[in-house]
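Read the structure below first, then the notes.
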Amino acid sequence: MPHPDPEELSLLALYQDWEDRSTRDHLQVCPECAADFAALRRTVEAVKTPPETGRLEVPGPQVWEGIHRELGLSESVHGDPLAGVREHYATSRPGWAQEEAAAGEDADDAAASGHGVRRAEPAAERESLAEPVSLQDRAASRPAKRRSAAWWQRPGPWMAAAAAAVLVTAGAVWSLNQAPRPLAEADLAPLAQFSAAGSARVVESADGSRALEVRLSKDEAQGYQEVWLIAPDLSRLVSLGVMNSESGTFQLPAGLEISEFPIVDVSDEPVDGNPAHSSVSIARGTLAT
């Protein structure tokens, strides 16, 4: 059984109700394709799943004060930009104001030590810090320390990893959106003395153009393989081109109706200069939507 095209796996990953029974059956017996499909599903879920915001909390005003102080911002931006958000929380979330006040008290205690916002100290350490010490003495007791950039200001591997993740996700979404859409497919069975079997399908691209994709298990032509679409009564036929290998893709004429030429035929053509069908068919099948 041939492996499905990447476009088929992409469509199955993007649309869980996509009708493609042969590909779904193949995933049950092929670990390699199943792993590729699982990776595509994870990408789709990551793009479609909204971020979890239930655990996010609005920072208190002391956070903005610390940012304002550390960055040396002007007085024109001294006001807390999240004040309106906190007002909304205070009216929509009972008890939030009390939590905010408690957090502010902890932050004020930490700020008084000259370190800004930090964890609460263990009991033993709090007792040792209970003695009154002036800010000047405490500053003098500490060695001068160069202020380092915040983690989001420092270049590092996380930046490359984040950028790569964004690019991969965007590329996967673009690829899924551009994947051709199957319109019809057929199983190709060998005729006469031949044994080559395969499949054919008609796909439509994002721009509306259509193509016939043909695959055979082997090339058994004595001359060369030519791909045709034939009417049900075999009275009319359209040549799509030569297939020099075991597979090929052939553009369909814009006005051609698949229902009028549903039979896919791969013929063995002699190199005699005659454009007509040789009447020797290697494999044949009927397209079904």
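The values are calculated or read from the model by the stated rules, or taken from the named source; none is laboratory data. Remember, it's a predicted structure, so these values are computed and weren't measured experimentally. Glycine gets a Cβ as well: all are built from the backbone with ideal geometry, and neighbour counts include every protein chain shown. Side chains are part of the model used for accessible areas, which takes the heavy atoms of the whole protein and leaves out ligands, DNA and RNA. Shrake-Rupley method; radii C 1.70, N 1.55, O 1.52, S 1.80 Å.
Please work out which residue is modelled with the lowest pLDDT, limiting yourself to region 13-51 and to residues that are polar (S, T, N, Q) and open to solvent by 100 Å² or more (accessible area, probe 1.4 Å). So that I can check it myself, show each step before the final result.
If we filter region 13-51 for residues that are polar (S, T, N, Q), which is where we start, we get 16, 22-23, 28, 43, 49.
Still in the running and open to solvent by 100 Å² or more (accessible area, probe 1.4 Å): 16, 28.
Numbers: Gln16: 72, Gln28: 86.
Ranking the candidates gives Gln16 first.
When region 271-289 is examined, which residues are found to be touching a Ser or Thr at 6+ places or on another chain (Cβ under 8 Å) and open to solvent by less than 70 Å² (accessible area, probe 1.4 Å)? His277, Ser278, Val280, Ser281, Ile282, Gly285 - these are the residues of region 271-289 that are touching a Ser or Thr at 6+ places or on another chain (Cβ under 8 Å) and open to solvent by less than 70 Å² (accessible area, probe 1.4 Å).
When you scan region 207-229, do you find a residue that is open to solvent by less than 60 Å² (accessible area, probe 1.4 Å), of a type in the set (Val, Ile, Thr) and in contact with a Lys or Arg (Cβ under 7 Å, 6 or more places away or on another chain), even just one? Scanning region 207-229 turns up no residue that is open to solvent by less than 60 Å² (accessible area, probe 1.4 Å), of a type in the set (Val, Ile, Thr) and in contact with a Lys or Arg (Cβ under 7 Å, 6 or more places away or on another chain).
Among residues of region 21-36 that are closer than 26 Å to Ala288 by Cα, those with a Cβ under 9 angstrom from a residue that is of a type in the set (Val, Ile, Thr), sequence gap 6+ or separate chain, pair up as Cys33/Thr23. Taking the listed residues Asp233, Asp268, the one that is more than 21 Å from Glu185 (Cβ to Cβ), surrounded by 19 or more Cβ atoms within 10 Å (Cβ to Cβ) and not polar (S, T, N, Q) is Asp268, with no other qualifying.
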